[in-house]
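The block underneath contains the structure these notes are about, expressed in C-alpha cells.
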Amino acid sequence: MKIIEGFKSAKAALSRRAKESSDADEREQAVRQIISEVRRRGDAALLDYTLKFDGVKLTSLEVGREQISNACRKADPELVSALKFAAERIESFHTEQRDSLLRESAEADLGWLIRPLQSVGVYAPGGTASYPSTVLMTAIPARVAGVKEVILVSPPGSSEGVSPVTLVAADIAGVDRVFSIGGAQAIAALAFGTETIPRVDKICGPGNIFVTIAKRLVYGAVGIDGLYGPSEVIIIADETASPEYCAADLLAQAEHDTLASAILITTSRPLADEVNREIERQLKQLSRQAIATEALKNNGVIAVVVSVDEAIELSNLYAPEHLCLVVEKAASYVDKISHSGCLFVGENSVEVLVDYVAGPSHVLPTEGTARFSSPLNVTDFVKLTSLVNLDKASLKELGQAAAIIARAEGLDAHARAAEKRLKTNTERGKQDA
C-alpha cells in the first residue's frame, strides 16, 4: 500500500472527488429499459432477464415452502446454529433500539403516531456468492419494527433458484415470501408489482451498481433505505496497535470488492511500515487474493500524521462506512467523531463482528453519506403521522395568527377556514352567556 506523509497530503489523497464514469449514462439507460419492460410485461420480462443475466431458466419465480424446508433440513447444523445465534443478537439489539426510539405521543393535543410499514422488499445479493447475513441484517429489523409482510428477492445461483443457505436465513428471519430474482429487474418488480410479485412500500438492502441505479430511479414510487457503494474502512491507530490485526482488518474490507477502500491513518511511521509488510504476508493466505490486491492498489492508503486529532479530522472529512479507533484510551476520542456509519472502539471491537453477529445491521452508509444518513435500523421500517386534537380554547389561541399568516401569503381560503370557526365560537359564547 502507498504511504503518505503529513496531514495536507493525506487530505488531498482522501478527498472524495465526484466520480465520473464513461459508461454511467449507458448503465442508467439500460436500467431504465429494464424497469420499463418489467412494468409492461411483468413476470415474462423477469423470466427473460433471469435467463439473459443469470443464465438460469426458471419455471417459477417464487420459492415454495417445501424448498425452504428442504434447505433447512440439509443445512450444516453448525452454520444453522451460528445463524440463529446471530439472529438472536440482531433481534435483541433492534428490540432495544425500538423500545428506546419509537415512543408515541398521542395523549396531548399535539403529538405523533407511529405505524409500521405494511410491506417491505429485502434485496440480498446472490448468484455466484451467497449472503445469508444480509437477509438477517435487513429482515429482522423490519420484523422488530412490526412490518406486516417481508418479501425477499435474491438472484438464482443455479436452476434450483436461490441459494439454500439464503433460504435458511430467510426462514430464521421470518421472511414471508421468497422470490428467485435479482438485479434491476427485481427492484422494478418490488416497486411496481407483477402478476406474481407484490408491490411493496419500501425496498432495502445492498446490491451491485445496477441494483443501486434501479433503487434511485424507482424512488418516489416506493421508499428506499439508501444507495450503497463499495465497502470501506478507516483504521485510526497509534504505536500501541497490533500491525497483524490492522493488516487483517484492512484485508477484510479489501477482499469484498476491487473497488473497496482500505485506509490506515496512523501517528506511527514504524507501524505503517510493519502493517505494509504484514499485508504482504497475509495476502498470500487469502482465497480472494487477486480481489484484495486490486482493491489495495486502487483504494488502499496508509497516511502518517502527527496526532490522533489530525487523524480524526481526516476521518470526519472522509465520513467512512466503518471507523476503527485502535489507539490508547480510545473511548476518550468518541465524542470527537462526527461522521461514520459504524464506530468500533478499541482493539476488541472487531469490524467483522458487526458484519455477522454483534447486533447492529451491517447495512451502512457509504461513499461519504455517513455525513447525513444512518445505518439501517428500526426507524427505516416505520412512519410517523402527526396528530392534532385541538379543543376550542386552542383554536381561539392559534386561529387568528394562522389567518394573518395565510392572508400574507395570499391564501384567503386558508384564512377564512380559521376565521369562520373563530366567529362561530365567539357567537356561541355570547349566546351561552
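Points worth noting:
- Here segment 386-433 and segment 88-150 have alpha carbon centers that stand 40 Å from each other.
- Protection proxy ranking of 198-210, 275-287 - average other beta-carbon atoms within 10 Å, highest first: 198-210, 275-287
- The ranking of Glu321, Glu28 from fewest to most other beta carbons within 10 Å of each one's beta carbon is Glu28, Glu321.
- Cβ-derived FRET efficiency at R0 51 Å, Asp412 paired with Ala221, nearest 0.05: 0.90
- 10 Å beta-carbon shell around Val175, net charge (K/R +1, D/E -1): -1
- Reducing segment 212-276 and segment 320-369 to their Cα centroids gives an inter-centroid distance of 11 Å.
- As a proxy for reagent exposure, ranking Val165, Val233 by other Cβ atoms within 10 Å from fewest up yields Val165, Val233.
- Translational diffusion of segment 390-432, µm² s⁻¹ [Kirkwood Rh, Cα pairs; Stokes-Einstein; 25 °C; 0.890 mPa s]: 233 µm²/s
- Classified by the C-alpha gyration tensor, segment 129-234 has a rounded form. Its axis ratio a/c, with a ≥ b ≥ c, is below 1.5.
- Cα gyration tensor category, rounded, prolate or oblate, for the chain with a/c compared to 1.5: oblate
- Averaging the Cα positions of each part gives two centres, and for segment 155-172 and segment 280-311 these lie 33 Å apart.
- Equivalent ellipsoid dimensions for segment 1-124 as semi-axes, Å, which come from the Cα gyration tensor, largest first: 34, 33, 25
- Cα gyration tensor, segment 292-357 - rounded (a/c under 1.5), prolate or oblate: oblate
- For Glu149, the residues 5 or more places off, or on other chains, whose built amide H falls under 5 Å of its own are Ser119, Val120.
- Residue-averaged [θ]222 nm for the chain, counting only DSSP H segments that reach four residues, each worth -39500 (n - 2.57): -15000 deg cm²/dmol
- In straight-distance terms, cross-link reach from Lys383 covers every one of the lysines whose alpha-carbon lies under 16 Å from its own, apart from those fewer than eight places away in the same chain; here that gives Lys148, Lys202.
- Rounded tilt (10° steps) of 412-432 against the dominant C-alpha axis of the chain: 50 degrees
- Angle in degrees between helix 392-408 and the longest Cα principal axis of the chain, rounded to the nearest 10: 80 degrees
- Across segment 29-37, rounded Karplus estimates of 3J(HN,Hα) from the backbone phi angles (6.51 cos²θ - 1.76 cosθ + 1.60, θ = phi - 60°) give 5, 5, 5, 4, 5, 4, 4, 4, 5 Hz, Gly and Pro being marked x.
- Cut-off 14 Å between beta-carbons: net charge of the residues surrounding Pro132, Lys and Arg +1, Asp and Glu -1: -3
- Packing-based exposure ordering (other Cβ within 10 Å, fewest first) of Lys148, Lys74: Lys74, Lys148
- Cα-based helix-to-principal-axis angle, 289-299 vs the chain, degrees rounded to 10: 60 degrees
- Beta-bridge orientation, the chain: approximately 20 percent antiparallel, per DSSP, counting only bridges with both partners inside.
- Proximal charge balance of Gln400 [Cβ under 13 Å; K/R count +1, D/E count -1]: +4
- Among the listed pairs Lys392/Lys420; Lys57/Lys84; Lys11/Lys297, a Cα-Cα separation exceeding 22 Å is found for Lys57/Lys84.
- Cα-based values for segment 42-224, radius of gyration first and Dmax second, are 17.0, 59 Å.
A short reminder: the numbers here are calculations on the coordinates, not readings from a lab. Since we're looking at a predicted model, the values are computed, not measured. All Cβ positions, glycine included, derive from the backbone under ideal geometry; neighbour counts span all protein chains shown.
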